[in-house]
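What follows is one structure encoded as structure tokens, with my remarks underneath.
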Amino acid sequence: MAEYHPPAMREEAGHSEAEGRRGTPEGFSGSPIPHQGPSQGPRISGGLPEEGGDSPDASPRKQYAGPRAGLRQAYAAIDLGTNNCRLLIARPSGEHFVVIDAFSRVVRLGEGLAQSGRLSDEAMDRAVEALRVCGEKLRKRNVHLARSVATEACRRASNGMDFIERVREETGIHLNVITAQEEARLAVLGCHILLESGEGPAMIFDIGGGSTELVLIESGPTVPRILDWHSVPYGVVSLSETCGEEGEGEAARIERYAAMRKLVRDSFADFAQRISPKRLSRPITELRLLGTSGTVTTLASLHLDLPQYDRRAVDGLIVPSQDMRAISEKLSSMSPEQRRELPCIGRERADLVVAGCAILETILDLWPADRLGVADRGIREGILRSLMASGGHPGHARAVLQKLER
């Protein structure tokens, strides 16, 4: 378990470890988010949008003092992905937890990784700056225990561990580079309560910046059981870079999109064969599908024709799969300039959303559910639930995750 250890504060020459440009926190409210339990009753929506819609603590390592000692304390989860750095801080509230602070910033840590095999200096600087903000928030919120994870970019990069050490020295945050399997478990634990109720197997997926995880589950009384899982090294950043720059004209864009789809389809082939009996065992109308990623939340925002992103409108939404396909196909043929003009996409996602669409459509081929559930929650919430379910005991949190596969 990676705990948070505040760095020695350096303030000579006017410099503080906590300084850095502050990002805009993600939307969050003080209402409880379920910690465990059944589905919250996802909201169902149909129809396409109109044309054009889209006290610092510098003490040494904090020791675990038992579950009672931590009940009123704050817990935190940091997820450093290939594209984003995200933080969530919460306090337990019965069987729920209340979010008290959140932060998200696009850092593009994996930018150029597909070509060089290394994290670039510029990308690492961006990530460290965001993590400094996270460290400041951890201190201000008197966090009892934090777990900080890094995913595909740090798994793949030849200088990934050097970067991890730099983060520890400069921010006091100990990043744990997790396996793809643990990434899949955390995503499931974080969002499964939004899965529609029903019988038989269901699919939960997470389209990240550097990888995509697919998890076949069956529902249980409190947490689902993982039947099978698969991870591929294609996320919105890595797939975009693997397939090169967008060409000029609609025909070139369509050709690139087809190449993306084939690459992802081939990478899913073994998993598709393994799960085929499960898929064919039930009518398509009974298949359940839930996605957690910036891709699905962005497309859901376009589906709702939102003028700007609203987590409350998107998290828990159920959308007809055909509508998501139609939006994906439309985006794939649009120019980058046209995509930048769409609400909820803008400049940060305009060049990456197409790869996300290609991955999503291929998942819909693999698991052709009529409807797609949308989750604006995942790894961070999974970390918090595992920490809280273990009573804040570092040695027990991973056991909580392993129960998903028993």
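Give, in nm to one decimal, the length gained when the segment between I284 and T242 is fully stretched (0.36 nm per residue of separation minus the Cα-Cα distance).
Gain on extension, I284 to T242, equals 11.8 nm.
Under the 0.36 nm per residue contour assumption, what length would be gained going from the current alpha-carbon distance of S158 and D121 to full extension?
So the chain would gain 12.0 nm between S158 and D121.
Once amide H atoms are built 1.01 Å from N in the peptide plane, which residues 5 or more positions from L287, or in another chain, come under 5 Å H to H?
Here the answer is D370, since their amide H atoms fall under 5 Å of that of L287.
For R311 paired with A251, estimate the spin-label separation in nm (one decimal), with each label point 7 Å from Cα along the Cα-to-Cβ line.
Rounded to a tenth, the inter-label distance reads 4.6 nm.
Counting only Cα, what are the radius of gyration and maximum Cα-Cα distance Dmax of segment 182-375, in Å?
When restricted to the Cα atoms of segment 182-375, Rg and Dmax are 16.0, 52 Å.
So for segment 182-375, averaging the separation of alpha carbon pairs under 8 Å that are six or more residues apart and normalising by length, what relative contact order in percent results?
It rounds to 28 percent for segment 182-375.
Nearest 5 percent is fine: what portion of the DSSP beta bridges confined to segment 182-375 is antiparallel?
That works out to approximately 70 percent antiparallel.
How do Y257, Y234 line up, fewest other C-beta atoms within 10 Å first?
Y257, Y234
Roughly how many nanometres apart are two label points built 7 Å out from the Cα toward the Cβ at S197 and I100?
So the two model labels end up 3.4 nm from each other.
Throughout, read-outs are computed from the coordinates displayed, never taken from laboratory work. This is a predicted model, so every value here is computed, not measured. Cβ: placed from backbone, ideal geometry, glycine included. Neighbour counts: every protein chain shown.
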